[in-house]
Each structure stands twice: as structure tokens, then as C-alpha cells.
Amino acid sequence: MTDSLLSRRALLRYGAYGAGAAALAGTAASWDRLTGNDIPGRDDGSLVVATLGSAFSPDGIRTLLAGFRRLHPDIKVRINAVQAVDWPDFFAKILTQIAAGTAPDLVYVATEGVQLFARHLGVPLDRWVKRDAAELTEYFADVHPSLVESMMYEGSLYQLPIEFNAADMYLNTQVLQRAGAQLPADDWTRDDFTALLRQLKKANDSHFTPYFWTNRLWGGVVPWLFANGTDLLAESKAPGGSWLWDAFYPADRRQGRGGGFRWTTPRATSGRVEEAYDYLAELIQEGLCTRPEGGNGQNLIGVFSTGRVGVTPAGGFWAGGLHLAGMRADAFDVQYFPRWRTQRHQFGAAGYALLRTSKKQDAAWEFIKYSARLDTLAALFSTNQTTPARRSMLTAARYRESGPAHWRVFYDTLDKFPDTGPIPAPPQVAEVTQVLLKHTGTALASPHSVRPALRRMQGDLEQAMERDV
Amino acid sequence: MTDTTDTTDTRVPVLRPRAATPRAAAVRPSARERGTRLLAALFLAPTVVGIVIFTVVPIIGSVVLSLFHWNVIDPPGWAGAANYRSVFTDSTVLVSFRNTLVFMVFAVAAQLLIALSLALTLNGRMPGWLRSLFRSAFFFPLVLSAASISVVMKYLFNQDFGVINWLIGLFGIAPVPWLTSEHGAMATVIIVYVWQQFGFSFLLFVGGLNNIPKEIHEAAALDGATGLRKHLAITLPLLSPTLLVASVVGIINALQVFEQPYVLTDGGPGDSTRTVVMVIYEKAFEQLRFGEASAVGVLLFVLIMAVTAVQFRLSRRFVHYQ
């Protein structure tokens, strides 16, 4: 504007305009209108429980809420089903809610996030577990100590596990029959596994993939590291935890238990890790399995159920998935992961974590306790979309329709192999996962790229572990 | 068109009177002019307020956040230049900038070339309904969600089970590692991106071509100019302002590519398709390092500004206005 000489009249006029605008703005601001607070259930004093959207069916959630309301009519509960692709995506959205000041009271957290939440956001459940020990005795007697230990961090318990999935091997029985192969024995070895893949390859056309795997923390390279007696990060146990073990588990089952896992020094360049990568690189070179980038879980059910894949690692969750996809119970079966130096398996578990920001912590504990009850879990996991943490729920009746015939494998993976452990998930798990996925792709690009890629992985892992999240 | 033989400095007569007669600038506008200005300000206000709230404030916020350590959970802590030092020594960040620039060069070049070729082709003699059909078909991918398209493309380009390898297999061609080799993955991401995006440039070019007076082409034809000569000497120079807009928008969009590489390859194999915006997302929402993510965002902002400034600078030589 070049009009610097403003007359008194103009000044009064502009003043009037300003006053008019302010009056309009004020009227608009005070107008009765809908806001975020008008969304039903928001800020109405409900206990807010955040779940991964696809974790439970709508029927399951309705049953869960109805049952809790009957037990605690004074506690209002609202389920916040967060839609997310995977656990990291889910955590990102929960953190966004926390940043926005709309943190839930309880969050459904899997192994990947247990230590991250425990370190920064979680409330230890120790005092409530001690207080209600009599009520919980039956729960702990029904749940394997490995699952409970995976929910501990530095001596304290942060979640009651309600589900888990170990990486076992699913086999397409029609593909096995076509190749004249039998279901492998419990104690099959890595060499038996390779021989089976070759047999399947020989009996099928070029569009057939004997072994399909997905490049991720659970069910990717890590099961092979476990089988070869190693891990991505050096694993140890935190001290403490005896308050729980002594109270709930007999001597033979609490032996060797501690205060939760610690994952510290990266060991990507160790000989056994290299061996595992070399083995997978050989399978790829021989055309016996998918490349890490080629495999992804999205189309896995389709290619497996139509006989284009012979074998794939999956957990109990897949029984329900294949059944829903229309696969007959006898069209697939499950076996343990093959033995290499060990037959240690990996698993991931999940339960509810109580957030520090919650102002309804006692009510939240009641919900946690309720969610771990046998009748609650039976109603929630009616379609075999996962492996219940309670051993007593794995019955022939549960798997009669959905299969597989060897459904006992799911829980026996814990019972028969007591060293079976959780996937390496320190608080820096997001970066560790990214580094693992990225360098696994590079390492398996060609037979000579394993060592250079693992050296870079080691450097990146060291940087990631040095960072305080 | 600019007459390059005219060396007269046209700024002199404008500037001198202003300096010599300062009161001339202070002539009060009429009431009608003031009313028009006020009306213009009122109409512009919502846009300006929107830009300030949704663009200027976030940019300032990012710059401020880039000077702090913040993980959402704990209160922010002063970092100074530490985040910038960290990202400049982070090989993933550096590779992502290189990938983004490579992507930008090939994607924008392909996008402009395809869009221009198709626009020129459709500008020729063709039934109106057929021209409308093609225009709609070329524009259609642009209105679809990039993430949805990428999910579908991921199935199509799958090395083991994808339709594309099955189709080329019918001709005896071995399966192509579209998404599983470093060069193949980048090429596939570019193909998918260009397929979706060229419709925008195409529409701009169609509009630009319609604005070129037919008389100029007719005059050139009378002078004996052939089709190619007419394109090089008339169409392209007169289309250069549209080309500038298409390339500026194309480059700015390409430098911010995210959905296609994120869904198709997740940045792999290795880091071969990891882009700058992917790194920003990963640092912020997966690794909870919002300060570093903001620092990368600020660097990307500077890069976009620099590239755009260079484009406008160069455009003085190559862009011709009628």
C-alpha cells in the first residue's frame, strides 16, 4: 500500500470494518456447533482400550464389552480399534494419539512393542498381580512361563499375555502328495528340509515355489538364526522377577527364568549368522524359495491355498486364515521348524499394556484381568485367528473344523522346546527391524553379497543400539 | 515474443519519475479503488489464512523442531545443530537424496515426453468422441489413490506370481526381477509413478496447444514449413510457458514421492528406492526421532526451493511469451 496519509474519516471507517469483522468472528466462534468432543464416547469418562483394528472380530469385541459390563457395570469401556497395516504402523498411530493428548488407557501391544512401551509409557502390573495373586493362580498355571517372561522388562511384569504365535512350518498336503512326499518327522533337520524342497520343485512346474517366506522380524531370517543357535542381538536375562516365578510356577518350570529379556550387542557378523544367510542365499540361487522382497504376506494365502507354494513358516493364526480362505482342514498341516544346531523356535506374544498417562489405572487393571479369563478368550478367539496363550484352550474340538491335524504343534512348540524365545525386540526395535529388512534384501541379492551386507548391517545395528529411544 | 534486438532499458523512464516526484506515489486512490482493494483483500483472506496456518506455520514449526530432540513421549530437548550433523553423516539420508534426484530426473523427463507426445498426437485430426475418450483415459489414473494403485501394481509386478511376468513368459522371456533387483526396482517405481502422473502434464499441454493460434501454423504452412519444422519452430516455443509450469510442478511432486516406493518396495532392495520423504516418515513415525526427521524435511524444502529457483532462472532463456 502506498497510501500512508490516512485521513481521520478513513481511519474511523477502517476501525468500523475491524470492529464489524471482530463481531462476526466472535459470533461465529460462539455459535453452537459440533466438535470432536461430540463424538459418542469421547471424553465421557470411559476406559479407552486401543486395539489393532484387525486383531478382533466385531462379534468378539461386542462379547468382550458385554461380558465386562456385566462384571463391572460401574466401568464404562470404549474400544478404539486403530486401523493399521502392522505393529510398527499401529505403534506410530498410538504415539500420534499420545502426542495429541488423546492417549488411550490400555493398548494392545505385541512383543515388538513390549519394551518400548515398558520403558517410556507402561505401568508395571506387579502390585496388582501380587494383590490378586489368588485370583491369578489359575491363569498362570495355564500359561507357559516363556510367554510371561517375554512380557517382563527389568524385573517387572507389564502385560498378561493372552495370545502368541510361534514360527512353525505349514505344509500343503496336496503338494506333498503330488511329489510323493510325507509329512516330515518332528525332529527333521535342515538337510531334510532342503531335500523336501528339491523334491517338491522337481514334481512341479516353473511357476511353483517350494518355500515362501516374508522378510520381516517374525518368520523371516530370525527363525533360521534361532535354529542355528544364534540371534541378531546378544540375548541375556535381566535380574529379578522371582516375586512372580516363586509365587506362581513350580520349581522345575521357573528354573532359568529372570526379569525379562535383554537384547544388547549386535552380532550380525558372527559366523553362525553368516551361515544362516548363506543357507538362504543357496536356496534362492537354486530356485527353491522366494527372494526376500518377492515374498509378502498379502498374497501368501492365495498362492498357498492354490498349490503354488509348498511350505511356509506361520503360526496358529494361519489355521483360521486358511479355513476362512476355503481351504479344507486336511489340505494343509503343520510341523515344527527344522532342526539345525538347535531346534529353538521364535514366537511373538501380545497383551494389554497400561499407560502411565491413564487416570483410571485400577479400572484398567480390572479390564486386563478380565481379558485374560478363560471364558473371555474363548469368546474372543473363536475363529482360530491366533494361538491362545492358555494351554487349556487348544483342544481337538477347537481345530476339528479349521485344522490342521497336528494342531498340538502350536503349544508344544513352547512345551517341547523350553528354550523357544521371543523375537529380538529391544526398545530400539523399529530401527533394528528396518536395518534387518534392508540389509537382508541386499545380502541375499547374490551369493557374494552376504558378507559385505552383514558388515553394513552390523555397523547400522551398533548405531541403532547406541541411540536412546 | 521477446524481441532480442531491442536494447532499450525500459526500466529507466519508470524509475526516474518516482525518484524525482515522490508526491506522485502518494496520490490517494479513489473510493472506488479502495473498495476494490478491500474486496480483493476479503476474497484473498481465506486463502492467505489457510496458507499461513497449513503451510507457513508448519514450515516454521519444522525448522524449530529440527533444533530439538523429541520422541513424542518425553519433553523436547535442545539439540542445536546436532540433528543436522546427524543427518549429514547418515548414509541412508544421503542415499535417499541421491535416489530422489535420480527418480526426479527420469520420472519428470518420461512424464513430460509421454504427455507431450500424446497431446501432440491427440491435437491432430481425430473424431471428437475419440479424443474425449483418450483424454479421460489418460487422466483417470491421476484421480486414483497412489497407495491403492501401488498395491495392485505390487501384485502385477511380483517376480514369482505376477501377471506381467506370466504374460512375457508366454513369449519365452525369463521372469524379470521387477521389484527385487536394485535397478529393476527403481525402474518399476518410475514406471508406476509416470503412468499415474502423466495425465496432469497431458492436460496442461492440451490446454497450451489449444491456445496457439492456428493462423501461425497456417502462415508457416504457406511458407512451406513441414510438420516437424512447425513443431520445432512454432509449437514448442509457444508451448514453452506450459512446459515450464509442467516441469516445475512435475519436479516438485517428484521430489516428494512417497506412496509408490513405500508400498511397492519399502525402499528396497537395500536402500535402492528409499526416497527423502520415506526417510522423513521412518525417522519420525517409526524411529521416533522427530528432530532429525524435521532436519531432513528442512533440507528437502531447501532443495525444492533451489531447484525451482534454478528452473525459473533458466526459463528466462528458453521460455517465450506471446
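The values are calculated or read from the model by the stated rules, or taken from the named source; none is laboratory data. Here the structure is a predicted model, which means the values were calculated and not measured. Neighbour counts run over all protein chains shown; Cβ positions are idealised from the backbone, glycine included. The accessibility values were calculated without ligands, DNA or RNA, using every heavy atom of the protein model including side chains. Shrake-Rupley method; radii C 1.70, N 1.55, O 1.52, S 1.80 Å.
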Can you work out the Karplus-derived ³J(HN,Hα) for every residue in the range B:45-60? Use 6.51 cos²θ - 1.76 cosθ + 1.60 with θ = phi - 60°, whole Hz, and x for glycine or proline.
3, x, 5, 5, 4, x, 5, 5, 6, 9, 10, 5, 4, x, 5, 4
Would you kindly derive the ³J(HN,Hα) couplings of the range A:337-353 from the backbone phi angles with the Karplus curve 6.51 cos²θ - 1.76 cosθ + 1.60 (θ = phi - 60°), listing them in order in whole Hz, with x for Gly and Pro?
5, x, 7, 10, 6, 9, 10, 5, 9, 10, 9, x, 10, 8, x, 8, 9
Once you compute Rg and the Kirkwood Rh from C-alpha atoms, what is the Rg to Rh ratio for the range A:63-167?
0.97
Modelled FRET efficiency - R0 51 Å, B:PHE140 with B:THR36, Cβ distances, 0.05 increments:
0.80
At what distance in nm do the modelled label points of B:VAL310 and A:SER30 sit from each other, each positioned 7 Å from its Cα along Cα→Cβ?
5.7 nm
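Just reorder A:ARG262, B:ARG34, A:ARG198, A:ARG328 by solvent-accessible area, largest first, 1.4 Å probe, all chains present.
A:ARG328, A:ARG198, A:ARG262, B:ARG34
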Round to a whole angstrom and tell me the spacing of the C-alpha centers of the range B:63-101 and the range A:190-209.
47 Å
Please list B:GLU282, A:GLU154, A:GLU135 from largest to smallest accessible area, probe radius 1.4 Å, with all protein chains kept in place.
A:GLU135, A:GLU154, B:GLU282
Other chains near B:156-164: what is the mean number of their Cβ atoms within 10 Å of each residue's Cβ?
5
Is it possible to state the helix-based mean residue ellipticity at 222 nm for chain A, with each DSSP H run of 4+ residues giving -39500 (n - 2.57), the sum divided by total residues, to the nearest 500 deg cm²/dmol? What is it?
-13000 deg cm²/dmol
For chain B, modelled as a GNM with alpha-carbon contacts under 10 angstrom, which of B:GLY35, B:GLY267, B:GLY50 fluctuates the most?
B:GLY35
Looking only at chymotrypsin sites (Phe, Trp or Tyr not before Pro) in DSSP loops with at most 11 other Cβ atoms within 10 Å, what is the longest site-free stretch of chain B?
B:1-170
What residues have an amide H closer than 5 Å to that of A:LEU47, excluding those fewer than 5 places away on the same chain, when H is modeled at 1.01 Å from N in the peptide plane?
A:LYS76, A:VAL77, A:ARG78
Would you mind computing, in nm to one decimal, how far apart the modelled labels at A:ASP59 and A:ARG341 are, each placed 7 Å from Cα along Cα→Cβ?
4.7 nm
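Could you order A:ARG356, A:ARG78 by accessible surface area, starting with the largest, using a probe radius of 1.4 Å?
Values: A:ARG356 125, A:ARG78 70 Å².
The residues order as A:ARG356, A:ARG78, largest area first.
Within the protein assembly as shown, what percent of beta bridges assigned by DSSP are antiparallel, to the nearest 5?
Of the beta bridges lying entirely in the protein assembly as shown, close to 65 percent run antiparallel.
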When only DSSP loop residues count, what GluC sites (Glu not before Pro) in the range A:362-469 have their Cβ near at most 15 other Cβ atoms within 10 Å?
A:GLU401
Principal-axis tilt of helix A:361-371 within chain A, Cα atoms, nearest 10 degrees
30 degrees
Greater than 30 Å apart at Cα, pairs in A:LYS369/A:LYS416; A:LYS130/B:LYS283; A:LYS201/B:LYS283; A:LYS202/A:LYS416; A:LYS76/A:LYS416; A:LYS237/A:LYS416
A:LYS130/B:LYS283; A:LYS201/B:LYS283; A:LYS202/A:LYS416; A:LYS76/A:LYS416
Please give the FRET efficiency for B:ASN123 paired with B:ARG317, using the beta carbon to beta carbon distance and R0 = 22 Å, rounded to the nearest 0.05.
0.25
Rounded to 5, percent antiparallel among DSSP beta bridges of chain A
65 percent
Hey, can you grab everything whose amide H is under 5 Å from the amide H of B:ARG289? Only 5+ residues off in sequence or another chain; H modelled, so Pro and N-termini drop out.
B:ALA284
Over the heavy atoms of B:THR36, what accessible area does a 1.4 Å probe trace out, to the nearest 10 Å²?
90 Å²
Using alpha carbons only, how many degrees (0 to 90, rounded to 10) separate the axis of helix A:111-120 from the longest principal axis of chain A?
40 degrees
Amide H to amide H under 5 Å from A:ARG262: which residues, 5+ apart in sequence or cross-chain, H placed 1.01 Å off N in plane?
A:SER236, A:LYS237, A:ALA238
Not counting ligands, DNA or RNA, and with a 1.4 Å probe, what is B:SER240's accessible surface area in Å² rounded to the nearest 10?
10 Å²
For labels at A:ALA247 and B:ARG131 in the simple 7 Å Cα→Cβ model, what's the distance in nm?
8.1 nm
J(HN,Hα) series, the range A:372-388, from Karplus relation 6.51 cos²θ - 1.76 cosθ + 1.60, nearest Hz, glycine and proline x
9, 5, 4, 5, 5, 5, 4, 6, 6, 9, 7, 9, 6, 7, 6, 9, x
Got a number for the accessible area of B:VAL27? Probe 1.4 Å, square angstrom, nearest 10.
100 Å²
Give the calculated FRET efficiency between A:ASP362 and A:ASP419 to the nearest 0.05, with a Förster radius of 35 Å applied to their Cβ-Cβ distance.
0.40
The protein assembly as shown - charge dipole about Cα centre, Lys and Arg +1 at Cβ, Asp and Glu -1, debye rounded to 20:
2660 debye
